[in-house]
Structure formats: structure tokens, C-alpha cells
Amino acid sequence: MKAFTYERATSVEGAVTAAQAPGARFIAGGTNLLDLMKLEIETPTHLIDVGRLPMAEIVETPDGGLRIGASASNTAVASNATVRARYPVLSEAIVAGGSPQLRNKASVGGNLLQRTRCAYFYDTSKPCNKRAPGSGCGALEGLNRNAAIFGASHACIATHTSDMAVALAALGASVEVVGAGGTHSIPLLELHRLPGETPHIETHLAGGELITAVVLPPPPKGGQTYRKVRDRASYAGGLASVAVAGGQVALGMVAHKPWRAAEAEGALASGASPAEAIGKELAGASSLGRNDFKIPLVARLAAAAITEAKEQGQ
Amino acid sequence: MSSVSDWEATANPVKDNRAGLIGKGVDRYEGPLKVTGTAPYAYEVQPPSPPAYGVMVGATIATGRIIAVDTAEAEAAPGVLAVWTHLNVPAQPPRGAKAHPRSTQGSKPALESDKVTYWGQPVAFVVADTLENATAASHLVKLTYDADTPDVNFAKRLSDAGQPPGEQDVEIGNFDEGFANSPVRLDETWATPLQNHCQMEPCASLAWWEGDRCIAHTSIQMVKPAQHGLAETLGIGRDDVHLLTRYIGGGFGGKGQTYDDLTLAALAARALGRPVKVAFTRQQMMHGTIHRPATVMRVRLGAEKDGRLNAFSIMTWTHCHKDGSFTEHASNFARALYAAPNRLTGHRLVRLDLPHAGPMRAPGEASGTMSLECAMDELAEKLGLDPVELRIRNEPPADPENGRPFSQRQLVRCLKEGAQLFGWDRRRPTPGQVRDGRWLVGMGMAAAIRGNFLLPAKCSFSVDADGVITVRQGMTDIGTGTYTVLAQIAAETLGVPLGKVVVEIGDSELPPAPGSGGQFGAATAGSAALAAGMNLRKAIAEMATSDPHSPLHAGDPAEVTFQDSVIALENRSETLADLIRRNAPEGLTVEGEIRPAQDAQKWSTQTYGGHFVEVGVDPVTGEVRVRRMLGVFAAGRILNAKTAKSQLTGGMIWGVGSALGEGNAVDPRYGSLINQDLAQYLVPVQADIGDLDAIMLDEVDDKANPMGIKGVGELGNSGAGAAVANAIYNACGVRVRDYPITPDKLLAGLIAQGR
Ligand SMILES: Cc1cc2nc3c(=O)[nH]c(=O)nc-3n(C[C@H](O)[C@H](O)[C@H](O)COP(=O)(O)OP(=O)(O)OC[C@H]3O[C@@H](n4cnc5c(N)ncnc54)[C@H](O)[C@@H]3O)c2cc1C
Ligand code: SF4
């Protein structure tokens, strides 16, 4: 680990100002950032602890939605009564991630900005454009069973591995951000980027911008469900996941960002069966050999989840 | 030398079990220390003065040479005390050199040369005042390599594999003929991946010097070879190394040998004149220590229509390091398992530029049962027989390979009782018939077998003036329960409560024992302890009967009884403490030893079991979840119901991991393993294990050793993975013969079936 300095932010404004310095990074639960620092995959020189800022509240919004503070722990969100009653897909998605210990520590903001679990990204002796821009992509011709099937590039085929973000994508959430220029809101689907030629740039956040909250619109009509496929029953990243909220469908671990299945939603709206609808979405998917299975896997998983949500909604 | 008949004929306190301590599920001797975090593992031992911290740097090529070294930046980094590579490491005798001809291990020099023979090989070493400074500086060491193309692609090198050194195939009868003439045949191939031990405690060492003596704490399964190897490497007398390993956070075979952490800690402590600690990181453990090599196993079974095997063969292909010869003997176990007149077993070995292969829990059986026990399941289906019945029909009257009688063999009873307890009769022979919500549910079973061993060992017993018995032995407890069973044997033998027993192990200055491995630990260490205990009883009895002040005076020493810390002859008695206080206020110490019986080889001595598993398969995703698991085992007298059961269930869980998740993927471009941490190397977690139970049949195997016990540390692992695989097939009708059975592989089969 590289030496770094540390401060505990006492206000949002103070945190944002401090974050303008080069090499500065926010830290919340630290469950992702500290691991990456120990391996020198991330080498910030200054940490700004935002974990104790007063932004852990979960409150209903006047329009019938919900505002979840960025410091709320994953456990707090998953166990919140309103979340469980009105956004069960979010609660299910969070509980499908990590372990209880991790969820107790992990924050909403940190969860959204967690970095990929690509094995080559984690091994600093291997090339990786995301970790070391321009070094090449070790996974491209490597052991890439879990690579993206949507929106990948030759520079990077990694996936975003957050479960929570998939549910938020299906629910049409937006992210409240405070930066040097003030407060603004970004639709969750526009928070993360596809890799393109610059996989090391993962979001549309400007440098030093702080996520302060996630805002959910009122839940869509219809059933909700989250299904995740993983190699073991707990404490494992997904091979694929799907979140369904009424007619809204998002896919996880299939792209560099949570993937809203717009094609499938359109088909469903015009009366297609779940299997047909997801088939439409997957017409745009491509795979590399080792991850071929993800296409039929997503087809089957999403069709089952959409059917399940439909049955619930009736 | 004793003979098996002596063991059978002679009563002893363990057999008599007067106080009932033998077999009782007593709590772990060292349990409170471990659960309160106060058991000092090697890295946590408090040295006499503040330690420095060493960090190893692993090679980032698999094969080639180091052609340039730049340590300037690392040397200039804060807190750095030393930076070593092959260019400046202190001189060490060449590999394998033995100054003492009887050393059990030769020199194992660290940073030996510019040659790199596997990815992650320690090639540089940094010592600093703190772990953080050492780690940071370790990243500044710049090494330039001339790399060769790594030869690591096992699948592509199978045809180059040859006989392991000094080995030959074993054929009995005429396999080819027998197979060709069998009306029902099976010929399939299974593959198991390279696996890592993933002990909770990575390998770690702490060393310091007291004058010319090196005091070294390390995490090691076998004390003597570690002590000898370190002495040879340091070029000092064996008595000048005091090696300690008091608490060990898992070994599983991976700590049967020492690594460069120990050598470098000792060398640096000498060079710097202060204690030095060195530990492997989790990532370094994957490449830098041994692993279980991958296997490809071809099984051929030829049967009569009634299920009796006529021809049987298992051939194993496996790999080891370029300079090595370790062979994963995945075919051997099968030699004692089923009857068949025509038999062929053997191994093929190919040397690759991968790290060193070595033993891992139930070496041979763990991989081998993953093929044969699935093949038996497939054969049962072809024959229209129940898999339990097929095994019963092939039960041999004596060891089918060498004709030796079995010392004890209760395999059939394990299978029958297991089937009954598990509700095996509810299994539908046709796969894919049972649904529970979204899950397809199936049952599978497999037999378990693992050899049993007894090695030479010594032990000492002392009694002090408070009547406290101290057991001393150069034995280890790798988490298995050795401390506890030694305490039980001592308490039962000397008739004292457990609270009056102290156990000291894990120390090279104590009477030597071979350590933990091959599930020989409890039998070997325990038999030596019993011998020492018997000798102490004798010494005490003689002391009492010849002491005019003892109420036992002039009695027959052979008649003295030991109970509740009191020694007695009929109605005459006194406390043990009183006797010792008068006669040996400084205490009394005796030794005992065990050797294998001269005629032990006349019997085939094994441990057995039957596994029964119920799994759910999600036919949509190919996910597998274990719902229920039962193992029934026959492994001689059980010393401690709790620690033995824990070993067996732990082995069963290991089987679940082997079937469903474990394996290091090799990237042939680099010659490196890709998944290097516990988020990527998937061992089962709590949620993966449903209802789990292990039952131990009543058994005494008096031919195994004087206590009639056998090993349980590896038996649970043998066959467990195959039972899971068989249950998967029964659930959904898909056979995956390439482990681990991950959703991607199962999904392909489900889709091919039209599910
Ligand atoms: C073994 C393991 C298994 C896991 N399994 C799963 C899984 O199955 N599913 C899953 O979804 N996740 C999984 N995770 C990831 C886990 O969810 C994340 O580590 C966690 O959510 C990160 O939250 P944190 O608060 O600890 O973030 P930190 O580690 O503190 O920060 C992560 C990143 O977010 C940035 N950041 C934090 N807060 C803010 C903010 N308010 N504004 C702007 N930037 C911010 C930090 O600068 C940093 O770059 C796993 C993690 C581990 C270690
Ligand atoms: S897929 Fe992306 S993260 Fe993985 S090695 Fe390639 S560039 Fe790095």
C-alpha cells in the first residue's frame, strides 16, 4: 500500500472542496477501495472519509418516491420497511450481494462506484487497460468466462458487478451529485459509461463530485423480482442477474454498466412473451467463446424472472 | 518389535476406557485460546525484541532468467533494512545438500539463482521496520527477465506424459480381454482442475537468534524435517535450530514442507541481528506453495449382466513441476475397493512450467473417487441396478489386488445404514423426476475409502508433585484436535481428570513424531502417547510399591489401579500427588514409543464410508445447491466424537467444493493461475451446505495399532464430491465429467437435453 493522508469530512461542501486536490479520493465503507489500495491497484494520496456525513437518511419524497442517502449502509437500505414494501426488488438485489459483514459496512455511494471483479484487473502483473491504460486487455484472449455480452470493446470486456445497481436501473433511479459547480441529478443509467477506448474512465462524474443520494420514482405497477446466478450460494459475484419491476427490466453482470433492457421492455409492452421479449434484447448481444453461455443463461433467467414478476403482479 | 497379535491380545487403558474419556466428544483443549484470539500463531508470537518485517517478491514469469536487478529505489524507501535477490542473498549450501547424513530434509536455499522455474517463485526479498514499509518497498524492486514460453498447457501435453519415476502399471489378469468380453461396458474420462489448499492461515514464520542458535516459529505440519531442512540451509548444527509450531491454522498437506518464508526469516534475523517475520500473502499462497495438480482420469469398467465386475481400470494423467516428480496417485485407492478378476491401474506424469505439485487432503482418493465413483453410478444405470446394490455385488472377500485379508471392512454396512438413514429408497432411478418449486431434486451416493497408516513416533509423559500429567511430543495440531486427543489418552491412561493434563507439542526439542498428514496423526502420535503413559503407570506403580511410606508398599505393581488421581491396591490407596511429592518432588518423566508391527503388512488396513447427498438443480440457470448430506463411516475406535465428526464433515464439505467450485484456472499465455484470492477461488460458504451429518459406526480395529483407532482426517473427503455429482445427474439427467460442475457447464447439458 502506498502512503496516504486521511481526513474525515464534516460537511458535504468541505468534502467536495477537499476532493478537488489531485490524488484525492472519497472513502465510505472502504470495502472495495481498501482492498484495491492494498494491492496498489488504486493509489490515492489523500482519502476523504465521507462515511459519517449526515447523508444516511432514507425518506419518502413528496411525489411518492424515495430518497436514499448515499451513506446509508447496504443493510440499512435492504432492511428499510418502505424499501421492502414498495421496492422489494431493491432489497432482494442488495441481499444477493456480498455477505452480511460487507453489507453492514458498504454504502450506497460506494456500491454504485465499486470496481469490476475482472481477475486480470486484480492481478497487477497482467496487462489491463482499466488499471494501466494502454497496457492491453489481459482478459480479451484470456480466461473471460464472466465477460460482458453487451457494449464491450476491444479495450475492455469487464462487467459492472453491483447487484444493487441493477435493481436501481430497473426502478428508474437517479443519482444526486454535488460538485464544485453545485448540485445536479444524473439518471442512474447515465452514471456509468461503456468502456470504449477508455475503460479506466468508468462514470460521467466530474472529478471530485460526491454522490449524496439515490432518488427513486414511485414504484411502477406490477410485480418485482431479482434473480442472480452465481457459482455458490452466497458471497460470490454474479454470472448474470435480472431485475424486474413491472414492465421495466434491467440486466446485471452483462455489461460495463447496469443494462436496462429497453428492447425487451418495448417488446413486452407490445404483447410479446417474456421469452420473445428477452430474445429481442439478446439479438444485440455478442460473446467471445468462454462466455457464450451467458446469452442463453440470460435468455432463460430473464424469461423466468419476467414471468415470475408478472404472476406476482396479478 | 511387536506384532499385531500382541496388540490384539493386550489390554490397555484406552481399550478399557474406565473413565469413559475415550470417544467422548470433549471440547478442544486449545479451543478457548483460539476462539478468544489468544492462541499465538507463528506470525503472532511475541519475540524477545521488536521484529523487522520481510516481504517476498514473486517472479512475474513462469520460466526464464533474471537478467537485470535494480533495487536502488527499494533500498532508498522509508524504513528499509535490506533488499535481497540472488545477487546478494547470504550464501546457503546447494539444494539438497546434507551436512548431517541423517537429516530428513536437505538444504532448501532461497533466492537460489537467476533461474525462474514457476510463476510467483520468490525472487526478491525486502525487510523493513514495518510490514507497510516492506510491502511498499517490495513494489519498487525492478527485475528484468529473459522469459521463455511457458509450457503449462496440461490438456495439450497429455500425450507426452510418461510413467512416474520408478513406477509401473499394475495389471492383474488380462484387462483388455476381460473388458472386451464383458457384456456391459463403460469407458469415460473425467478431469479435475488444479486446486489450492487455501488454509485460513497462510504460511508464516518468525525467527530470531540467541547466539549461534536460531529460534524459529513457523506454520508446519511436520517438525523434524522442518528443523533439519532449516539447519542444513543455514549451514548449522541441527541442535542449533529450535523450531516451534504451536498453533497452525490449517495444513491439508500444503504445510508438509517449509517454504522460503522460513529460510528468509532466519537468514535476515541473522544478518540484521533482530527478529524477522515473513508471511505469504493470500495471493502468494496460490503460486508460491504446493497445489493439488490437475488430473485426467480414464475409467473403464466391464461387467456381467448381474453387475459383477469382470474388468476394471483407472488410468490417471497428471502433472508436476519441471524439476519434480510428485505424482497425484489418483488410481491407487481403487486397488483395494472392488473385486474384479482383470484389473489395470497406473499413472502418467508430465512435467510442466507450473509451480510445485504436492499432496493435498486425501491425495489420490480426493481426485480418484471423483471419477471411479461416478463411473460406478453410470454403470449401475446401464445395468438397471441400484448404485448401492452394485457396490455390494462387487464387495471383495479380501484385498482384490494382493489377496491380504482386510483388518476390518465395514463398507457394506456403511452403505446400507447410510441408505436407510438417508431415505435412499425414495430416490427415483430415472433422473429428472422430482421437483420442489423451481428446483429439480436428486440423490446421489458414493463409497469412501482411504488408507490407514502407523509410523514410528515417541512421546514423553511427566507427572509432577501436583499430580499434573504433562504430555510432550514433537507432534502438531493443524486444527484437527491432536491436543485434545492426546489429553484424553493421558487422562484415561493415568486416571486423572482432563483438567490435570498439560499437552506440549509443536516443538523440535520434544520427542519426535512424524506430525500431521495422511490421516496418520492421531493413530501414530496417540499410540506413542499410550506407550509413554503405560511406562509412566509402571514407573509410578513401582515407585509406590517400593516406597515404605506408601500404603501400597510391597504390593504387586501390576495390580495398581489409577483412578480419580488416586493410585490404589485393593482398599489401600493414596493420591498420585502425595506419592510424587514424597518420592520425586521435581517430577518424574518417562518416554514411550510406537513402531509399526513387523507383520502389519499381512493385512489390508483401510477406512471406509458411504456418502449420500441430495441436491437441487435449477434447470433454468444450471445452479446447484446441496440440500442434505450424510456420511456413514467406519474408521476404527473413535477417540473424540466431536473432533472426529468435525474432521469428517469438514472433508465432506471439501467434497462439495471440489464438485462445485474449486479450481485454479491456468492462463497458458503467462503460465500463471488467474484466480488468486478467496473471492475468486470458490470454497463452499455456510449457505452452500444444507443439512449435514456424519455418523461413525462402532468399530475397533485392533490390527491397526494398540488403540484400535484409525484416521478420519481425509476419509470424509474421499467420495464426497462424486456423491454430489451423482446427485446432480439424478436431479437433472446431465453428467458433467469436467470438474468443477459450474452453472455454465451444466447449462450446456440442460440445453442439449431440451430442458
Ligand atoms: C468479497 C467481496 C464480495 C462482494 N460481492 C459483491 C456482490 O456479490 N454484489 C455486489 O453488488 N457487490 C459485491 N461486493 C462489493 C461491495 O458491494 C462493495 O465493496 C461495496 O458496496 C462498496 O461500498 P463502500 O461504501 O465500502 O465503498 P468504498 O470502498 O468506500 O468506495 C468505493 C468507491 O466509491 C467511491 N465512493 C464512495 N462513496 C462515494 C460517494 N458518496 N460519492 C462518490 N464516490 C464515492 C470511493 O471513492 C471508491 O472509489 C463484494 C465485495 C467484496 C469485498
Ligand atoms: S476486461 Fe477490462 S478490466 Fe479486465 S483486463 Fe481487460 S481491460 Fe482490464
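The values are calculated or read from the model by the stated rules, or taken from the named source; none is laboratory data. The structure presented is a predicted model; accordingly, all values stated were derived computationally and were not measured. FYI the Cβ positions are ideal-geometry reconstructions off the backbone, even for glycines, and counts take in every protein chain you see.
In table form, for the structure just shown:
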read-out: Residue satisfying condition, being outside the structural domain of B:ALA634 (by TED's automatic domain parsing), free of Cβ contacts under 8 Å to residues at least 40 places away in the same chain and surrounded by fewer than 24 Cβ atoms within 10 Å (Cβ to Cβ), within set B:GLU574, B:GLU509; value: B:GLU574
read-out: Single residue of A:GLY110, A:GLY98 found to be buried (at least 19 other Cβ atoms within 10 Å of the Cβ), out of contact with any helix residue (DSSP H, G or I) (no Cβ under 7 Å at 6 or more places or on another chain), within 12 Å of chain B (Cβ to nearest Cβ) and touching a residue at least 60 places away in the same chain (Cβ under 8 Å); value: A:GLY98
read-out: Residue ID - farthest from the chain's Cα centre (by Cα), chosen from residues in segment B:187-197 that are crowded, with 21+ Cβ neighbours inside 10 Å and of a type in the set (A, V, I, L, M, F, W, C); value: B:TRP190
read-out: Filtered residues of segment A:31-53 (kept if crowded, with 17+ Cβ neighbours inside 10 Å and either of a type in the set (D, E, K, R) or on the phi > 0 side of the Ramachandran plot (or both)); value: A:GLU42
read-out: Residue ID - nearest to the other protein chains (Cβ to nearest Cβ), chosen from residues in segment A:200-234 that are more than 30 Å from B:VAL615 (Cα to Cα) and away from ligand 1 (no atom under 15 Å from the Cβ); value: A:GLY222
read-out: Filter result (outside any loop (DSSP other than H, G, I, E, B) and at pLDDT below 95) within segment A:38-62; value: A:LYS38
read-out: Any chance B:THR742 is touching a residue at least 60 places away in the same chain (Cβ under 8 Å), hydroxyl-bearing (Ser, Thr, Tyr), at the interface with chain A (Cβ under 10 Å from one of its Cβ atoms) and in contact with a helix residue (DSSP H, G or I) (Cβ under 8 Å, 6 or more places away or on another chain); value: yes
read-out: Given (1) surrounded by fewer than 24 Cβ atoms within 10 Å (Cβ to Cβ); (2) closer than 19 Å to B:VAL617 by Cα; (3) under 26 Å from the mean Cα position of the chain (by Cα), index of the condition B:PHE453 fails; value: (2)
read-out: Which numbered condition A:LYS130 misses (of (1) within 15 Å of the chain's Cα centre (by Cα); (2) within 14 Å of ligand 1 (Cβ to nearest atom)); value: (1)
read-out: Residue identified as modelled with pLDDT under 95, surrounded by fewer than 24 Cβ atoms within 10 Å (Cβ to Cβ) and more than 10 Å from ligand 1 (Cβ to nearest atom) among A:GLY151, A:GLY182; value: A:GLY182
read-out: Residue that is nearest to B:VAL55 (Cα to Cα) [pool: residues in segment A:1-30 that are within 14 Å of chain B (Cβ to nearest Cβ) and surrounded by 14 or more Cβ atoms within 10 Å (Cβ to Cβ)]; value: A:MET1
read-out: Members of segment B:131-171 that are farther than 30 Å from B:VAL80 by Cα, buried (at least 18 other Cβ atoms within 10 Å of the Cβ) and either of a type in the set (A, V, I, L, M) or in contact with a His (Cβ under 9 Å, 6 or more places away or on another chain) (or both); value: B:VAL152, B:PHE154, B:ALA161, B:PRO164
read-out: Sole residue being out of contact with any Cys (no Cβ under 6 Å at 6 or more places or on another chain), over 30 Å from B:ASP6 (Cβ atoms), within 14 Å of chain A (Cβ to nearest Cβ) and buried (at least 24 other Cβ atoms within 10 Å of the Cβ), chosen from B:GLY671, B:GLY690, B:GLY754; value: B:GLY671
read-out: Odd one out for A:CYS137, checked against (1) in contact (Cβ under 8 Å) with a residue 12 or more places away in the chain; (2) within 16 Å of ligand 1 (Cβ to nearest atom); (3) over 13 Å from the mean Cα position of the chain (by Cα); value: (2)
read-out: One residue from A:LEU66, A:LEU47, A:LEU36 being out of contact with any strand residue (DSSP E or B) (no Cβ under 7 Å at 6 or more places or on another chain) and in contact (Cβ under 8 Å) with a residue 12 or more places away in the chain; value: A:LEU36
read-out: First in segment B:451-476 and over 12 Å from B:GLY526 (Cα atoms), second anywhere and surrounded by 24 or more Cβ atoms within 10 Å (Cβ to Cβ) and of a type in the set (Lys, Arg), Cβ under 7 Å, 6 or more apart; value: B:ASN452/B:LYS710
read-out: Pick from segment B:235-290, criterion acidic (Asp, Glu) and crowded, with 22+ Cβ neighbours inside 10 Å, ranking: farthest from B:SER205 (Cα to Cα); value: B:ASP260
read-out: Qualifying residue in segment B:14-28 (condition: closer than 27 Å to B:ALA204 by Cβ and either of a type outside the set (Phe, Trp, Tyr) or not assigned by TED's automatic domain parsing to the domain that holds B:SER646 (or both)); value: yes
read-out: Among the candidates B:LEU639, B:LEU648, B:LEU630, residue that is more than 14 Å from chain A (Cβ to nearest Cβ), in contact (Cβ under 8 Å) with a residue 40 or more places away in the chain, touching an Asp or Glu at 6+ places or on another chain (Cβ under 6 Å) and not polar (S, T, N, Q); value: B:LEU630
read-out: Residue among A:ILE48, A:ILE68, A:ILE58 that is of a type in the set (A, V, I, L, M, F, W, C), closer than 18 Å to A:LEU171 by Cα and within 12 Å of ligand 1 (Cβ to nearest atom); value: A:ILE68
read-out: Search result, residues across segment B:594-618 that are assigned to a helix (DSSP H, G or I) and of a type outside the set (A, V, I, L, M); value: B:GLN601, B:LYS602
read-out: Wholly within segment A:63-181, helices (runs of 4 or more DSSP H) carrying at least 3 residues that are under 29 Å from B:MET286 (Cα atoms) and away from ligand 2 (no atom under 11 Å from the Cβ); value: A:100-105
read-out: Residue list for segment A:258-272, filter: out of contact with any Ser or Thr (no Cβ under 8 Å at 6 or more places or on another chain) and closer than 16 Å to A:LEU282 by Cα; value: A:TRP259, A:ARG260, A:ALA261, A:ALA262, A:GLU263, A:ALA264, A:GLU265, A:GLY266, A:ALA267, A:LEU268, A:ALA272
read-out: Filter result for B:GLU542 (part of a strand (DSSP E or B) and either of a type in the set (Asp, Glu) or buried (at least 23 other Cβ atoms within 10 Å of the Cβ) (or both)); value: no
